[in-house]
Amino acid sequence: MKDVGGDEKGGEKEGDLEQQSCRVNLGGIVPLSTVDWTGVAATVVFLRGCPLKCPHCQNWHLRSGESFEDLAVVEEKIRSASPFVSCVVLSGGEPLAQPRAARKIAGLAKELGLKVGVETCGFYPNVLRDLLEARSIDHVFLDVKAPLADPEYSRATGRENVAPKVRECLETSLQLGVPLEVRTTVFPEMPSREEVGTIGELLRTLGISRLTIQQGRPREGEEPFDPVPAKELRDLAEAVKKLIGIEAEYRVRGDDEDFDEDEQRK
Ligand code: SF4
């Protein structure tokens, strides 16, 4: 399987665009989800390929490889699900690695009266800017995996010099006034509690008032480990709110033994 190319214009090469003008490297489609855009019924389209190598990647099977589908197939699935959802979420892998497919799918969603969200690692600020300026995207869900500097960010993503791109995505979303949810996934070894605080400080400095802290779980096939318990994540979110002064929400999976949905703070 080959890796996605990693330039800032997205993973598609010009020749590929010509040859695969109506093809999408598709990882899958979930017709109805309420967890990707919290509380909103969404169709989630997973685009295959990602330039990063996060050590605990949950969607590692979508990082590389090829499983092309005609755009018409994707369109038909979105159209069928559209009476039951109010938005389409582009996810992956890294959906902005396929800028043309992302733009086309977003356009179709708009035609159907659906809002469009994108879950991105922030590697393609230029692609994100183009889509936001075209009003193709209504909501950005951006992973900030560590403080925005190397070596912390390269440790979290397996690649150097990613942090400036993520920062540009943050700034672009703010500049263009597009709703933004910043998500940080906490694993036992990283980011540390102090590093989550550093991320919170950065957000406050930029004028972003909210951070979502997610519980990192072992990915399929990796050496199992105990996730950070829900109580610790709750305390961390409380500390971010108290010490840094931004809103923080924590999320765990429903099978966490410490999980109590009523206790989740916003
Ligand atoms: S950015 Fe997401 S899809 Fe890409 S390697 Fe990291 S966790 Fe996996």
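The values are calculated or read from the model by the stated rules, or taken from the named source; none is laboratory data. Owing to the predicted nature of the structure, the values given are computational and were not obtained by experimental measurement. A quick note on method: Cβ atoms are made from the backbone with ideal geometry, for glycine too, and the neighbour counts reach across all protein chains shown. These area figures cover heavy atoms from the full protein model, side chains too; ligands, DNA and RNA do not enter into them. Shrake-Rupley method; radii C 1.70, N 1.55, O 1.52, S 1.80 Å.
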Over region 53-211, the quotient of the Cα radius of gyration and 2.2 N^0.38 Å is 1.07
For the Cα atoms of the chain, what angle does the longest principal axis make with the long axis of helix 71-81, in degrees from 0 to 90, nearest 10?
-> 60
When the helix-only estimate is applied to the chain (DSSP H runs of n ≥ 4, each -39,500 (n - 2.57), divided by the residue count), what is the mean residue ellipticity at 222 nm, nearest 500 deg cm²/dmol?
-> -9000 deg cm²/dmol
Around R183: net Lys/Arg minus Asp/Glu count, Cβ-Cβ under 12 Å | -2
Can you work out the accessible area per residue across region 1-178, with the rest of the protein chains kept in place, probe 1.4 Å, in square angstrom?
-> 44
Region 182-255: which GluC sites (Glu not before Pro) are DSSP loop and have at most 14 other beta-carbon atoms within 10 angstrom?
-> E189, E220, E222
Pulled fully out, how much extra length does the chain show between V73 and T38, if you take 0.36 nm times their separation in residues and subtract their Cα-Cα distance?
-> 10.0 nm
Cα-based convex hull volume of region 43-87 per residue, rounded to whole Å³ | 94
Pairwise label distance in nanometres, R204 with K231, each label 7 Å out on the Cα-Cβ vector | 2.7
Checking region 94-153 for trypsin sites (Lys or Arg not before Pro) in a loop per DSSP with at most 10 other beta-carbon atoms within 10 Å yields none
Which whole-number value in Å³ per residue fits the convex hull of the alpha carbons of region 125-206?
-> 86
Nearest-5 percent of antiparallel DSSP beta bridges in the chain?
-> 25
Computed magnitude of the charge dipole of the chain (debye, nearest 20; Cβ of K, R +1, Cβ of D, E -1) | 680
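Based on alpha-carbon atoms only, what is the radius of gyration of the chain relative to the globular estimate 2.2 N^0.38 Å?
On the way: Rg = 17.9 Å, N = 266, 2.2 N^0.38 = 18.4 Å.
Rg over 2.2 N^0.38 Å, computed on Cα atoms: 0.97.
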Please list the radius of gyration and Dmax for region 73-125, considering alpha-carbon atoms only, with Å as the unit.
-> 11.0, 33
